[in-house]
Amino acid sequence: QIATAMAQPGNAKQAEEIFVQALTIATQIADAEKKAIALDKIARSFEQAGPGGEFTQLQFSIGWMYYEGNNLPRDYARAAAWYRKAAEQGHAQAQVNLAVMYTEGEGVAASKVEALKWFRQAAEQGFAEGQTALGVMYALGQGVEADLVQANKWLALAAAQGDADAQVAHTELVTKLSPVQLAESKKLTEQWHAQRAPAPEPEAPKPE
């Protein structure tokens, strides 16, 4: 039923409802081994249906279940694979989670460069957690040459959104920058906001 529903274009809502129903039934199986097999089959049928961007939240959810060992057997490699599916479709939290797995070498070969790549994609979307992580990597020179100006830019953006970790790191970093570096970082921050501001609507012609 899941595969059939997901094969229908534009039927994301029905697919999600069936997926949740199947998941609810499967989690009630008493035998732990049979429950794990049933849940794994649900995940695999979802994968075989070839979901697109409209199913990214479900892709992320399966990755999270594999990572946490919640309703599915803990499997970091599969978690990373599912996170990647959602991350490639622009799911910011999946991008951050996948980046963390690259940082720790969980289910994937450890790579600061790959971690930086996925943190950056989340950060560019305005996702505070990604901006904080990217700022820290710039500050420490992890996966990229250390750049305190860029670090301050990303931490300032995340701090402005209320990210507590970013606020602490930003406060500490500001004391290490020269006035010139602070001015440059502020300029980069303003440019980032300007690039994402909606274009002004053309004025309606005034009646003669």
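Once both labels are modelled 7 Å past Cα along the beta-carbon direction, what's the Ala164-Ile25 spacing in nm?
The answer from the label model is 4.2 nm.
With r as the distance between the Cβ atoms of Ala77 and Arg196 and R0 = 22 Å, compute the FRET efficiency 1/(1 + (r/R0)^6) and round to 0.05.
Values: r = 35 Å, r/R0 = 1.60.
Calculated transfer efficiency: 0.05.
Please list the non-local residues whose amide H lies under 5 Å from the amide H of Gln125, H modeled 1.01 Å from N, same-chain partners needing a gap of 5 or more.
none
If I model a spin label at Gln142 and Glu88 as a point 7 Å from the Cα along the Cα→Cβ vector, what separation in nanometres do I get?
About 2.6 nm separates the two model spin labels.
With a 1.4 Å probe and all protein chains kept in place, how do Glu124, Glu33, Glu16 rank by accessible area, largest first?
Result, largest first: Glu33, Glu16, Glu124.
For segment 65-208, what does the alpha-carbon gyration tensor say about shape, rounded, prolate or oblate, given a ≥ b ≥ c as the root eigenvalues, a/c under 1.5 as rounded, and a/b over b/c as prolate?
Values: a/c = 2.69, a/b = 1.38, b/c = 1.95.
Taking the square roots of the gyration eigenvalues as a ≥ b ≥ c, segment 65-208 is oblate.
The values are calculated or read from the model by the stated rules, or taken from the named source; none is laboratory data. Note that this is a predicted model, so its numbers are computed, not measured. We place every Cβ from the backbone using ideal geometry, glycine too, and count neighbours over all the protein chains shown. When the accessible area is computed, the model is the full protein with side chains, heavy atoms only, and any ligands, DNA or RNA have been set aside. Shrake-Rupley method; radii C 1.70, N 1.55, O 1.52, S 1.80 Å.
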